[in-house]
Amino acid sequence: MAHKIRAVLKGGYEYVGAKADEREKAFYVEFGEVIPFDATFRTNKYKMVFVRFTAVDHHKKSVTVGVGLLSRETIESYEWMLKAFLRAHEGKSPKNFLTDQDAAIKQVGESILPNSRHRLCMWHIVKKLQAKITGDLFKNKDFKKRFNKLVWNMHIKPDEFEKKWDLIINEFNLEDKRWFNDMFELRDKWIPAYFSDTRMSGLMKTTSRSESMNSFFNTYSQSLNLLLHFMMNYDTTIQKQRNTQQELDHQTKKAVYKFISPRLIQKMLQKFIQVQKEIYKGSWTYVEEVGKLMGITIPKDIDINVPNVQSNKGCGKKNRIQSAAEIAYKNSNKQTRRCSGCGERAPHNLWTFQIKLAAEQSSKAT
């Protein structure tokens with residue numbers, strides 16, 4: 001009874017949704033044009049599916065913009081997940097929604113995200129090629145080279161793609177293969193030639209980002225974790241991801257880029273530097289005019305008296321501070337005093353010479 005009353009007061013289970021903190025919301029606003037939907041990662045004792053919404057930031061690194069847990073992979077569960085995701089991001093839909101060929105996800109995506117362009121993951125499609133053709137054809141290097149070169153090409157037009165597709169199908173006798181016919185009907189969903197005008201952030205060509213993110217989360221979690229342990233590990237993983245982004249931001253701000261070839265952007269930069277110099281000259285003229293109004297004369301040449309102090313830099317100066325290495329080298333080149341015992345210039349005196357002589361005589365006697 002208490003549980004039912006509490007559920008009614010809180011608004012019901014429909015208000016329990018996907019997790020997205022303020023940083024993830026900011027990332028979604030900045031980089032949420034293309035969002036892949038990956039529901040293949042199981043992370044805890046209860047075999048729940050960990051759904052992660054990933055975007056690509058300005059460093060071409062994967063950033064998490066939302067996560068959720070599903071107990072079942074059904075249409076109702078996917079609907080609940082996408083609605084919760086949109087509610088967390090104030091109803092803003094991504095421009096492109098990337099999924100695999102799962103029928104349930106496809107149906108839910110088209111109903112919940114009608115304004116988004118739905119794309120299919122090329123990696124999942126190309127991965128099925130081996131199962132759809134004979135073993136001899138799959139080992140044919142010419143076929144694989146031409147097929148991969150065609151489907152991965154982002155610089156051809158749709159009509160050129162269709163012509164080359166027909167050539168490959170007819171040459172290798174694939175007209176009766178249903179899979180190739182189905183993929184051709186869906187060509188505007190997965191072939192880059194049909195959406196070359198859309199920025200896909202590198203997510204369309206492969207799901208290696210999703211696989212790498214699964215491996216990244218798997219480093220900090222185990223399949224037998226309780227939900228409490230999973231959430232603690234999730235916070236650690238997200239903090240690691242954000243620390244990496246902060247380090248890259250710092251490196252970018254401190255980086256100095258050199259122009260190698262005289263391109264247009266370099267010429268524009270040179271003009272910008274010249275304009276800055278002109279602005280500086282104009283500001284100095286303004287200072288001179290203000291000085292005249294105030295009765296102050298600004299000299300063009302300013303004499304600066306440098307104090308006579310010892311310096312440790314430079315060479316050939318008598319008042320320069322010498323380093324310890326220089327002093328040791330100079331002392332090693334000094335001539336030693338003449339010993340009154342042996343009559344030679346040596347680093348010993350009469351007393352130490354007698355000790356040395358006695359040691360030599362004892363060694364000879366033994």
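The values are calculated or read from the model by the stated rules, or taken from the named source; none is laboratory data. On a predicted model such as this, the values are computed, not experimentally measured, just so you know. In this analysis, Cβ positions are derived from the backbone assuming ideal geometry, glycine residues included, and neighbour counts consider all displayed protein chains. Keep in mind that these areas ignore ligands, DNA and RNA; they rest on the heavy atoms of the full protein, side chains included. Shrake-Rupley method; radii C 1.70, N 1.55, O 1.52, S 1.80 Å.
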Pair residue 140, residue 218: separation of 7 Å Cα→Cβ label points (nm): 3.5
Fraction of alpha-carbon pairs over 21 Å apart in the range 33-178 - percent: 56
Compactness of the range 114-168, expressed as Rg and Dmax over alpha-carbon positions, Å: 13.3, 43
Once the Cα gyration tensor of the range 39-113 is diagonalised, semi-axes √(5λ) in Å: 19, 17, 12
Contour minus Cα-Cα distance for residue 118 and residue 178 (0.36 nm per residue): 19.3 nm
Cross-link pairs beyond the 28 Å C-alpha cut-off, checked among 83/127; 47/177; 157/177; 128/149: 83/127; 47/177
Distant-in-sequence amide H partners of residue 225 (H built 1.01 Å from N, under 5 Å): 45
Extension gain from residue 243 to residue 76, taking 0.36 nm per residue of separation minus the Cα-Cα distance: 56.5 nm
Exceeding the 28 Å Cα-Cα cut-off - candidates 92/163; 60/95; 60/92: 92/163
Residue 252-residue 83 pseudo-label distance in nm [points 7 Å out on the Cα-to-Cβ vector]: 3.7
116, 362, reordered so the largest accessible area comes first (probe 1.4 Å): 362, 116
Segment residue 156-residue 132, extension gain: residue separation times 0.36 nm, minus the distance between their alpha carbons: 6.1 nm
FRET efficiency, 1/(1 + (r/R0)^6) with R0 41 Å, evaluated for residue 57 and residue 328 via beta carbons: 0.15
